[in-house]
Amino acid sequence: MESQSPQTTENNPTMAHKLKRNLTFRSKWAELNGAMGDLGTYTPIVLALTLAKDLNLGTTLIFTGAYNIVTGAIYGVPMPVQPMKSIAAAAISDSGFNIPEIMAAGICTGGILLVLGATGLMQLVYKLIPLSVVRGIQLAQGLSFAMSAVKYIRKVQDFSKSKSIGNRHWLGLDGLVLAIVCACFIIVVNGAGEERNETETDVVDEETNSKTKRIRRIMANIPSAFIIFMLGVVLAFIRRPAVVKHIKFGPSSIDVVQITGHAWKEGFIKETVPQLPLSILNSVIAVCKLSSDLFPGKEFSATSVSITVGLMNLLGCWFGAMPSCCHGAGGLAGQYKFGGRSGGCVAILGAAKMVLGLVLGTSLVVILHQFPVGLLGVLLLFAGIELAMTCRDMNSKGEAFVMLICTAVSLVGSSAALGFLSGIVVHLILKLRDFGRDRSCSTINIRATP
């Protein structure tokens with residue numbers, strides 16, 4: 001029997017070949033840098049839940065780290081693992097919500113998303129939603145992240161109460177000057193994000209390559225986000241050297257959460273119902289569209305994304321891990337912005353989370369509590385801008401009109417579902433208007449024909 005040709009193997013890769021391809025780094029420093037792009041979203045929410053609701057940080061790191069590795073291996077792109085914002089915000093703001101209610105909400109949300117994915121309904125929804133409405137949701141989410149980032153930079157934050165407590169000082173280890181310098185550093189290194197793309201796609205002869213292009217290539221490979229994150233870690237120890245005494249080695253205990261009937265009811269009504277539209281739109285629909293935009297040829301079905309989000313929540317929430325994990329479009333945009341191009345980007349982040357969860361456990365919270373919030377704001381700012389910039393392909397005035405209506409309602413009403421409905425209604429009205437006008441024109445032309 002003849003051996004299988006390389007061409008056949010390439011067209012029909014085995015599972016081992018697919019995993020190797022999905023986890024292979026495109027550029028070591030770029031992928032490492034990209035892994036930091038999601039921390040501006042992930043860290044504040046997880047820290048807030050840990051401080052306000054005693055979330056088991058060690059268990060959360062272990063489970064989300066495993067999710068990162070698995071999703072990186074499955075999808076082959078920097079698919080993020082984030083907390084669902086609506087559930088986290090409701091849990092922090094409501095003193096009556098504790099871990100059982102939060103986990104019940106996560107399990108209910110995950111179960112519904114799993115059913116929608118497994119039955120094919122999510123893929124049907126994905127095909128029917130107009131692109132202009134998806135762009136409106138993405139623009140709203142991106143601007144929301146950017147505005148939150150500016151708040152982190154300008155105001156001192158109390159994450160345990162999810163509110164600002166005063167203006168940030170200009171100087172200091174978490175001052176405005178530090179955040180501004182770091183933001184300028186990222187702009188100088190990464191520009192608007194095009195330099196890295198040019199480095200990856202342009203093949204320029206060495207003899208004709210100009211000095212300017214060589215400098216731009218070197219600059220594009222500087223791991224700006226990684227440098228800023230490591231600076232934040234160093235500053236956390238400088239701000240409070242005594243945190244070393246509070247570090248305890250070893251993993252946290254992993255226990256099954258006891259969920260009462262009342263917790264199921266409260267979690268579903270007060271958290272699952274508000275979260276579900278946002279999960280469908282931002283965690284599935286927008287992520288699928290964004291992945292096809294950023295990674296041509298690697299389009300993922302809404303079915304598979306919905307199923308992975310559902311399974312993550314059905315598994316981890318029973319053990320007290322971060323409630324309602326999702327694949328946020330903002331996290332994907334942030335990791336892409338800073339150089340993430342493969343599944344290896346999130347896999348290395350997942351491995352780091354698992355190591356920290358196993359070695360430091362919940363004691364890691366004392367370090368994160370001292371991390372300069374202004375630096376997290378800087379990372380979140382560029383992630384939000386990258387997500388918002390995906391809407392620049394709305395070329396017609398009609399598409400832009402629908403997108404902006406959807407964005408405005410989403411931002412002002414603080415509801416992606418309300419913005420989505422407004423965008424759909426406006427889109428249908430415009431379609432009916434155009435249909436009626438075209439039909440009238442056709443009638444006039446027929447009558448005018450001798």
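The values are calculated or read from the model by the stated rules, or taken from the named source; none is laboratory data. Keep in mind that this is a model prediction, so the values were computed, not measured. Cβ placement follows ideal geometry from the backbone for every residue including glycine, while neighbour counts extend to all protein chains displayed. With ligands, DNA and RNA removed, areas are computed over all heavy atoms of the protein, side chains included. Shrake-Rupley method; radii C 1.70, N 1.55, O 1.52, S 1.80 Å.
Of all helices (runs of 4 or more DSSP H) completely enclosed by the stretch 251-297, which ones contain at least 2 residues that are more than 19 Å from Met322 (Cα to Cα) and of a type in the set (D, E, K, R)?
Correct list: 286-294.
Checking Gln275 against (1) open to solvent by 10 Å² or more (accessible area, probe 1.4 Å); (2) under 19 Å from Ile107 (Cα atoms); (3) at pLDDT below 90; (4) not hydrophobic (A, V, I, L, M, F, W, C): exactly one of these is not met. Which one?
Of everything listed in (1) open to solvent by 10 Å² or more (accessible area, probe 1.4 Å); (2) under 19 Å from Ile107 (Cα atoms); (3) at pLDDT below 90; (4) not hydrophobic (A, V, I, L, M, F, W, C), Gln275 misses just condition (1).
If a residue must be open to solvent by 70 Å² or more (accessible area, probe 1.4 Å), among the polar types (S, T, N, Q) and assigned to a helix (DSSP H, G or I), how many such residues does the stretch 388-402 contain?
Residues that pass the stated criteria total 0.
Is it the case, given these coordinates, that Ile112 is in contact (Cβ under 8 Å) with a residue 12 or more places away in the chain and either buried (at least 24 other Cβ atoms within 10 Å of the Cβ) or in contact with a strand residue (DSSP E or B) (Cβ under 7 Å, 6 or more places away or on another chain) (or both)?
no
Which one is nearest to Ile238 (Cα to Cα), of the residues in the stretch 182-201 that are open to solvent by less than 20 Å² (accessible area, probe 1.4 Å), in a helix (DSSP H, G or I) and at pLDDT below 90?
Val189
Among the listed residues Ile102, Ile107, Ile62, Ile87, identify the single one that is open to solvent by less than 30 Å² (accessible area, probe 1.4 Å), assigned to a helix (DSSP H, G or I) and modelled with pLDDT under 90.
Only one candidate passes the filter, namely Ile87.
Suppose we keep only residues that are modelled with pLDDT of 90 or more and open to solvent by 80 Å² or more (accessible area, probe 1.4 Å) within the stretch 241-258. Which one would you say is nearest to Gly58 (Cα to Cα)?
Restricting to residues being modelled with pLDDT of 90 or more and open to solvent by 80 Å² or more (accessible area, probe 1.4 Å), the top hit is Val256.
Conditions: (1) touching a His at 6+ places or on another chain (Cβ under 8 Å); (2) open to solvent by 10 Å² or more (accessible area, probe 1.4 Å). Val284 meets all but one. Number of the miss?
Evaluating Val284 over (1) touching a His at 6+ places or on another chain (Cβ under 8 Å); (2) open to solvent by 10 Å² or more (accessible area, probe 1.4 Å) leaves (2) as the failure.
For the stretch 155-181, give me each residue that is outside any loop (DSSP other than H, G, I, E, B) and either at pLDDT below 95 or aromatic (Phe, Trp, Tyr) (or both).
Those that are outside any loop (DSSP other than H, G, I, E, B) and either at pLDDT below 95 or aromatic (Phe, Trp, Tyr) (or both): Lys155, Val156, Gln157, Asp158, Lys163, Ser164, Ile165, Gly166, Asn167.
Would you be able to say whether some residue in the stretch 295-305 is of a type in the set (Val, Ile, Thr), open to solvent by less than 10 Å² (accessible area, probe 1.4 Å), out of contact with any strand residue (DSSP E or B) (no Cβ under 6 Å at 6 or more places or on another chain) and within 18 Å of Phe25 (Cα to Cα)?
No, the stretch 295-305 contains no residue that is of a type in the set (Val, Ile, Thr), open to solvent by less than 10 Å² (accessible area, probe 1.4 Å), out of contact with any strand residue (DSSP E or B) (no Cβ under 6 Å at 6 or more places or on another chain) and within 18 Å of Phe25 (Cα to Cα).
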